[in-house]
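Below is one structure; the comments refer to it alone.
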Number of protein chains: 2
Amino acid sequence: MEPTHLHPPVRCRMIDEVLSLIGDKWTIYVVVMLGQGKRRFSELKREVDGISQKMLTVTLRGLERDGYVTRTVHPTIPPRVDYELTELGRDLLVPVRALGDWASRHEARVVDARIRYDTRLAQAAE
Amino acid sequence: MEPTHLHPPVRCRMIDEVLSLIGDKWTIYVVVMLGQGKRRFSELKREVDGISQKMLTVTLRGLERDGYVTRTVHPTIPPRVDYELTELGRDLLVPVRALGDWASRHEARVVDARIRYDTRLAQAAE
DNA sequence: CTGTATCCTACGTGATACTG
DNA sequence: CAGTATCACGTAGGATACAG
């Protein structure tokens, strides 16, 4: 059966699973970064831009728990921890990138729509 | 140029546009609902399950602002307001559904991964 | 280097009451 | 019916300090 054709309540529950994944501020960024290959903690910290150490840890733990990434500790000094997408994680990258690509193609239209909406609002206020 | 192949910082900004859209709790649900056709306020309120009146209003305003839905007021008594996806909104439905379908296909694996992770954690704690 | 622990703030969200 | 306004709360998330 095609999930797309399930009735509304069921679809919502399905989507809920994804939302819990991408609903937070950083998960998608981290997944996309790891999509370019294995990364260590400090590399991600540097690359994911504004992320705090705390949120990177929290995000990675969540991804590990859900089976999207593996965490490999190298018992060296100083310690080194590598994070890598699992097959499931790499698979997730496909729809996530589709969404990202869509966004990049339609970004301008959204920005335009916002400007028009805000302008209309401001005029109505006068 | 294929957006998928842009370098990391650019991709992140693109994804950011989508995240601001789907980052909140209700937007996706409402979009999916409207994907099945025009709806009035009270119908959405009933169908989107746990949503409050306030959040439905907020969500719809955001979608309208971004150009994903149109808002049509019928000056009748009692008032009637119809919401409908624009072409942009219907277009967005494609990658959103792809993500939903992916979730429905892989839901079980994520649940399994969580159970395994939590079990391992609990054992390690003993 | 890779975390964990604690505190603190801001914001999203819900409940409730009111309006056109 | 379709909102708006106000309050009250919980939690996400940042800053900081500390640990292995």
Margin query: List, shortest first and in nm to one decimal, how far the label point of A:D24 (7 Å from Cα along Cα→Cβ) is from its counterparts in the other copies.
Written below: 2.1
Item checked: Cα-based equivalent ellipsoid, segment B:62-126: semi-axes from gyration tensor eigenvalues, Å -> 44, 16, 10
Next item on the list: Kindly give the distances from A:V94 to its copy-mates, label point to label point, with each label point 7 Å from Cα along Cα→Cβ, as nm values to one decimal ordered shortest first.
Entry: 1.7
Checklist line | Shortest-first distances to equivalent copies, position B:G50, nm, label 7 Å out along Cβ | finding: 2.7
Next item on the list: Please give, to one decimal in nm, the separation of the simple spin-label points placed at A:V73 and A:Q53, each 7 Å out from Cα toward the Cβ.
Entry: 1.7
Item checked: lysines with Cα under 23 Å of B:K38, excluding same-chain neighbours fewer than 8 positions away -> B:K25, B:K54
Checklist line | Charged-residue dipole, Cβ positions (Lys, Arg, Asp, Glu), segment B:9-125 about Cα centre, Debye nearest 20 | finding: 200
Note to self: Accessible area of segment A:9-125 with a 1.4 Å probe: how many percent of it is carbon plus sulfur?
What the structure shows: 54
Next item on the list: Round to the nearest 0.05 the FRET efficiency obtained for B:R105 and A:L121 when R0 = 35 Å and r is the Cβ-Cβ distance.
Entry: 0.25
Notebook entry, point to check: Using a cut-off of 14 Å between alpha-carbon atoms, which aspartates and glutamates can reach B:K45, once sequence neighbours fewer than 8 places away in the same chain are excluded?
Noted result: B:D82
Check: Which whole number in µm²/s is D for segment B:9-125 by Stokes-Einstein, with the Kirkwood Rh taken over Cα pairs at 10 °C and 1.306 mPa s?
Finding: 97
Margin query: What's the total accessible area buried between chains B and A, using a 1.4 Å probe, rounded to the nearest 100 Å²?
Written below: 5100
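The values are calculated or read from the model by the stated rules, or taken from the named source; none is laboratory data. Here the structure is a predicted model, which means the values were calculated and not measured. Glycine also receives a Cβ, built like all others from the backbone with ideal geometry; neighbour counts cover every protein chain displayed. Calculation scope for accessible area: heavy atoms of the full protein, side chains included, ligands and nucleic acids excluded. Shrake-Rupley method; radii C 1.70, N 1.55, O 1.52, S 1.80 Å.
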